[in-house]
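Below is one structure; the comments refer to it alone.
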Amino acid sequence: MNIILSGFMGSGKTTVSKILSDKLSMDFIDLDELITEQNNMSVSEIFEKFGEKTFREFENNAVKSMCDKQNIIIATGGGTLLNADNSALLKKIGTVVFLDVSVDTVIRRLENDTTRPLLQSKNKKNAIEEMLMGRMPIYRAAADVVVDANNDDPSITADEIIVKLNLDK
Ligand code: S3P
């Protein structure tokens with residue numbers, strides 16, 4: 001079974017996935033990294049050149065390419081699970097773990113970030129609050145397991161996932 005990490009930007013999906021991958025000796029794929037490699041462009045460049053719609057198509061193709069994977073950890077992007085097709089595909093191949101973070105945590109972690117094209121508005125705090133609140137019900141509905149990820153030590157979050165998934169036996 002695969003482990004799929006979902007959650008808002010700044011929830012720690014990539015960092016926690018890497019730690020989980022070490023702790024559980026499982027391979028790890030980051031969907032944003034895969035899209036970046038496949039297109040030879042950063043996520044920001046893809047948004048700038050082609051727009052969000054095209055990025056979402058690339059993202060959907062990346063999800064489809066996961067369907068034959070077994071026993072890996074997949075870090076999704078913050079928007080991946082908002083697409084019902086992606087959500088259905090990923091839930092079929094693995095357990096979706098939602099990394100739950102508060103608006104304050106995201107603001108603290110991403111205040112100076114320049115790599116998220118969707119958060120480059122003048123009022124970043126408002127943008128984060130509006131987006132996170134709007135997305136929250138969808139993240140929750142798509143989740144098999146919810147883990148509090150406000151702790152700034154990602155190793156603790158990884159350990160909590162291991163316990164919740166009963167992998168500590
Ligand atoms: C997005 C999140 C990003 C990336 C893109 C869109 C989103 O991934 O896929 O900028 O819609 O929330 P991270 O959650 O890894 O930052």
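Sorting 55-61, 111-117, 12-18 by average packing, meaning the other beta carbons within 10 Å per residue, from highest down gives 12-18, 55-61, 111-117.
A straight line joining the Cα centroids of segment 48-62 and segment 84-116 runs 17 Å.
Extension gain for GLN38-ARG135 works out to 32.2 nm (0.36 nm per residue, less the C-alpha to C-alpha distance).
Could you work out how much longer the chain between LEU89 and ASN151 gets when fully extended? Use 0.36 nm per residue separation minus the Cα distance between them, nm to one decimal. If you can, show how the numbers build up before the last one.
Values: separation 62, 0.36 × 62 = 22.32 nm, distance 2.94 nm.
My answer for the length gained is 19.4 nm.
With each label point set 7 Å from Cα along the Cα-Cβ vector, what nm distance links SER65 and LYS18? Simple spin-label model gives 2.1 nm for this pair.
Of LYS122/LYS164; LYS91/LYS125; LYS124/LYS164; LYS125/LYS164; LYS13/LYS122, which pairs sit farther than 29 Å apart, going by alpha carbon to alpha carbon? Each step should come with its number before you reach the end.
Working: LYS122/LYS164 39 Å; LYS91/LYS125 31 Å; LYS124/LYS164 33 Å; LYS125/LYS164 31 Å; LYS13/LYS122 25 Å.
In this structure, LYS122/LYS164; LYS91/LYS125; LYS124/LYS164; LYS125/LYS164 exceed 29 Å between Cα atoms.
Taking the Cβ-Cβ separation of GLU48 and ARG108 as r and a Förster radius of 41 Å, what is the calculated FRET efficiency to the nearest 0.05? It would help to have the intermediate numbers written out before the result.
Details: r = 27 Å, r/R0 = 0.65.
So the FRET efficiency works out to roughly 0.95.
Computed on the Cα trace of segment 3-164, the radius of gyration divided by the Kirkwood hydrodynamic radius gives Rg/Rh = 0.93.
Readers should treat all values here as calculations from the given coordinates under stated rules, not as data from a laboratory. Treat the numbers as computed from the prediction; the structure is a model and nothing was measured. When we count neighbours, we look across all protein chains shown, and the Cβ atoms used for this are built from the backbone with ideal geometry, even at glycine.
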